[in-house]
Amino acid sequence: MKTLAIVAAIALSLLPLIPLGAQGRGPPLRVRGRQSLAFNTLLPGLPELVPRTDVARSGQLEIRGRKNTQVMLQFLLPTEMTGPGGAILPLAFGSDDAGFASSRQRGSQVGFDPHAPFTAGLPQNGRGFVFIGGTAQPLPNQRAGSYSATVTLIVADPGT
Amino acid sequence: MRTISQTAIALALIAGFTTATAHAQNSDFITAQATVLTPLAVVGDADLDFGNVFPGVPATVAVGDPTAGHFTVTGADNAGVDITFALPTDLVFLANLLPIASWTGVHNTTNAAAGGTAFTPSAAIEVSRLSTGATPGELYVFVGATVSPAATQPAGVYTAPVTMTVVYNGT
């Protein structure tokens with residue numbers, strides 16, 4: 001038992017010094033927002049869909065991690081945007097409104113449901129791109145003004 | 001010693017988990033953003049008024065007449081809209097009916113029937129566009145019709161609602 005305690009203590013002292021990168025070589029997992037999901041101008045009463053393949057308007061995030069590894073993607077999605085005086089504008093995401101690609105080329109995207117975790121593979125260069133579309137649903141009497149909301153992407157090593 | 005060893009193992013696991021989390025998970029956000037333009041407002045600001053009509057004598061109000069029905073629409077600059085009407089087939093006084101038909105209409109981005117676009121008010125969509133330029137986001141609609149009182153039409157004040165609906169059409 002004394003031996004076990006010593007081993008555990010040694011392990012305890014070493015663990016913080018051993019980054020998980022030691023399980024595979026490469027940079028730590030990182031995600032960065034690159035482009036807003038832009039609905040631009042909306043008319044009251046007219047829903048507006050931004051496809052995930054819309055290069056100019058879809059939301060885009062970039063992932064960097066270890067090459068040839070899998071990552072788990074999970075969105076935190078808003079249900080509405082907030083505008084002037086606390087006015088809200090409903091926002092919806094369909095089951096194919098998210099996409100993953102190993103390049104920024106829209107044609108290479110693999111669609112997935114942004115409401116559910118999705119496992120993606122990072123390619124040889126360790127970079128991946130996540131795209132998100134959605135539908136804004138302004139009411140007929142929607143108050144004029146600017147609206148916004150936050151779309152968060154969590155990226156994790158599925159092995160942890 | 002057993003207690004010490006168990007504590008050490010637990011601490012090691014916690015430290016390991018913490019380290020793992022720090023190295024294997026990351027998050028960031030983007031913003032969803034939109035700018036909503038002015039909502040449409042429709043005001044029926046003048047009744048379609050036939051004045052006094054005589055039994056057996058049809059009466060018509062033309063769209064250019066001072067007593068034509070009049071709606072003012074305001075909204076976004078140069079926005080396309082769809083116009084529809086819910087129209088009565090009769091004006092009503094108590095249990096008496098006065099037939100109304102032969103609807104006429106004009107929509108215009110300036111407040112005058114002359115020079116506007118003629119159309120036939122109905123449940124079918126009439127496409128128009130709000131004004132742009134010096135007075136943006138305006139549209140004026142003028143409505144006329146004909147009433148046909150019977151020769152035995154009871155005297156009285158006959159009325160019925162004329163409802164116009166305008167929605168953006170995204171053009």
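Of all the listed residues (B:Ala8, B:Ala20), the sole one being modelled with pLDDT under 95, touching a Ser or Thr at 6+ places or on another chain (Cβ under 6 Å) and facing chain A (nearest Cβ under 7 Å) is B:Ala20. Count of the stretch B:101-115 residues, restricted to those that are part of a loop (DSSP other than H, G, I, E, B), closer than 24 Å to B:Ala59 by Cβ and not small (Gly, Ala, Ser), is 0. Within the stretch A:89-115, can you find the residues that are in contact (Cβ under 8 Å) with a residue 40 or more places away in the chain, more than 19 Å from A:Phe129 (Cβ to Cβ) and surrounded by fewer than 16 Cβ atoms within 10 Å (Cβ to Cβ)? The answer is A:Pro90, A:Ala92, A:His115.
Residues that are in a strand (DSSP E or B) and either in contact with a helix residue (DSSP H, G or I) (Cβ under 7 Å, 6 or more places away or on another chain) or within 14 Å of chain A (Cβ to nearest Cβ) (or both) within the stretch B:141-171 comprise B:Thr165, B:Val166, B:Val167, B:Tyr168, listed in sequence order.
Restricting the search to strands (runs of 3 or more DSSP E) fully inside the stretch A:22-93 and requiring at least 2 residues that are more than 22 Å from B:Gln33 (Cβ to Cβ) gives A:59-64, A:70-76.
Taken over the stretch B:124-144, the residue count meeting the criterion of being at negative phi and touching a Leu at 6+ places or on another chain (Cβ under 8 Å) is 9.
When you scan the stretch A:148-155, do you find a residue that is within 14 Å of another protein chain (Cβ to nearest Cβ) and of a type in the set (Gly, Ala, Ser), even just one? Yes, some residue in the stretch A:148-155 is within 14 Å of another protein chain (Cβ to nearest Cβ) and of a type in the set (Gly, Ala, Ser). Take the residues in the stretch A:34-53 that are within 25 Å of A:Arg64 (Cβ to Cβ) and among the polar types (S, T, N, Q); name whichever of them is nearest to the other protein chains (Cβ to nearest Cβ). Here the residue is A:Ser36. The set of residues in the stretch A:129-160 being among the hydroxyl-bearing types (Ser, Thr, Tyr) and farther than 18 Å from A:Leu42 by Cβ consists of A:Thr150, A:Thr152, A:Thr160.
Under the condition of being crowded, with 18+ Cβ neighbours inside 10 Å, among the small types (Gly, Ala, Ser) and under 14 Å from A:Arg34 (Cα atoms), the residues counted in the stretch A:50-69 number 2. Within the stretch B:116-140, the residues that satisfy the criterion of being buried (at least 18 other Cβ atoms within 10 Å of the Cβ) and assigned to a loop (DSSP other than H, G, I, E, B) are B:Gly116, B:Pro121, B:Leu130, B:Ser131, B:Gly137. Every listed requirement among (1) part of a loop (DSSP other than H, G, I, E, B); (2) more than 9 Å from chain B (Cβ to nearest Cβ); (3) under 29 Å from B:Val166 (Cα atoms) is met by A:Ser103 save one, (3).
All told, A:Gly86 meets the bar of being without any contact (Cβ under 8 Å) to a residue 12 or more places away in the chain and of a type in the set (Gly, Ala, Ser).
The values are calculated or read from the model by the stated rules, or taken from the named source; none is laboratory data. As the structure is a prediction and not an experimental result, all values here were calculated from the model. Positions of Cβ are generated from backbone atoms using ideal geometry, with glycine treated the same way; all protein chains shown enter the neighbour counts.
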